[in-house]
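Visitor: What follows is a structure written as structure tokens; I'll ask about it next.
Since every read-out is calculated from the coordinates, none of them should be taken as a lab result. Everything quoted here is computed from the prediction, not taken from an experiment. Ideal geometry is used to build each Cβ from the backbone, glycine not excepted, and the neighbour counts take in all protein chains shown.
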Amino acid sequence: MSLLEVLVALALLLIMVGYVAPSFAEWRAQQQLRGALTALQLSVVKARTAALSSGRAHGLAFSLRNGNLFWDTVVDGDGDGIRRADLATGADLPLEPERSLSAWFPGIRPGRPTGVPPLAGGSAGNGGLALGRSRILASAPDGSTSSGTVYLCTDSDYGAALRLYGPTGRDSVWWWNFRRQTWEPLK
């Protein structure tokens, strides 16, 4: 091989890396978001299953501190539903240690990417949480849940959302498509 052939091969390799690197970064960001959303979905399913099997409301109590999302899995201890006041007095109880989004999924934060509108029919939410003022996602013993949306995004502004449909207890995951400028369901 001549020096010229080696330089041409290196130039072609660098061009290929230049094309692949953005795709890899997008793929990695989407996988990080997918992992965070899956963890939230599993927490929701676990709370819903516990409510169905125990006959007592279970849920997730969310909080935002220093730009990070935290959640507790909680149970209704006094039969009046899960309430912030009852959590403060100890009437409603946490079942597990509090979880931190940034501790479990570095690079993922609550909120929508810059300039991205909320999902159709949903509210913008405060800090990525469109769950009402209480920021509690409760599952009732009849299988229904409270409605709302949790928005997550990466540091590189890829966005996704977990939407919860109250009466049926179902959920769906949505991705923000930058190319089409629209929310699309995850398939």
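Visitor: Could you work out how far the C-alpha centroid of region 97-111 sits from that of region 61-92, in angstrom?
Guide: Measuring centre to centre over Cα atoms gives 17 Å.
Visitor: A further question on this structure: Report, largest value first, the span of the C-alpha coordinates of region 141-187 along each principal axis, in whole Å.
Guide: 40, 20, 14
Visitor: As a test of the formula, what do you get for the chain when each DSSP H run with n ≥ 4 contributes -39,500 (n - 2.57) and the sum is divided by the residue count, at 222 nm and rounded to the nearest 500 deg cm²/dmol?
Guide: Numbers: 3 runs with 62 residues, N = 187.
Computed mean residue ellipticity for the chain: -11500 deg cm²/dmol.
Visitor: Taking the chain as a Gaussian network, where each spring joins two C-alpha atoms under 10 Å apart, which residue of Ala161, Ala120, Ala47 fluctuates the most?
Guide: Result: Ala120 has the largest fluctuation of those listed.
Visitor: Let me ask something else. Can you tell me the 0 to 90 degree angle between the C-alpha axis of helix 3-54 and the longest principal axis of the chain, rounded to 10?
Guide: The angle comes out at about 10 degrees.
Visitor: Further question: Please work out how much length the chain gains when fully extended from Thr168 to Ile15, using 0.36 nm per residue of separation minus the C-alpha to C-alpha distance, in nm with one decimal. Could the numbers behind the result be given before it?
Guide: Details: separation 153, 0.36 × 153 = 55.08 nm, distance 5.03 nm.
Here the answer is 50.0 nm.
Visitor: Same structure again: Just rank Leu12, Leu3, Leu33, fewest to most, by other beta-carbon atoms within 10 angstrom.
Guide: Details: Leu12 10, Leu3 7, Leu33 24.
By the 10 Å Cβ count, ascending, the order reads Leu3, Leu12, Leu33.
Visitor: Can you check how the C-alpha radius of gyration of the chain compares to 2.2 N^0.38 Å, as a plain ratio?
Guide: 1.30
Visitor: Relative to the present Cα-Cα distance, how much length would full extension add between Glu184 and Leu42 at 0.36 nm per residue of separation?
Guide: On the way: separation 142, 0.36 × 142 = 51.12 nm, distance 2.11 nm.
Roughly 49.0 nm would be gained on extension.
Visitor: Between Ala25 and Asp157, what length in nm is gained on full extension when 0.36 nm per residue of separation is reduced by their alpha carbon distance? Present the calculation step by step, with values, prior to reporting the outcome.
Guide: Working: separation 132, 0.36 × 132 = 47.52 nm, distance 1.16 nm.
Fully extending the segment from Ala25 to Asp157 adds 46.4 nm.
Visitor: For labels at Ser144 and Leu4 in the simple 7 Å Cα→Cβ model, what's the distance in nm?
Guide: 7.9 nm
Visitor: Sticking with the crude label model, points 7 Å out along Cα→Cβ, report the distance from Arg133 to Thr89 in nm, one decimal please.
Guide: Distance between the two pseudo-spin positions: 1.8 nm.
Visitor: Return an integer: the convex hull volume of the alpha-carbon atoms of region 27-101, in Å³ per residue. Don't jump to the answer; show the numbers that get you there.
Guide: Values: hull volume 6.4 nm³, N = 75.
Spelled out: Cα convex hull of region 27-101, divided by residues, is 86 Å³.
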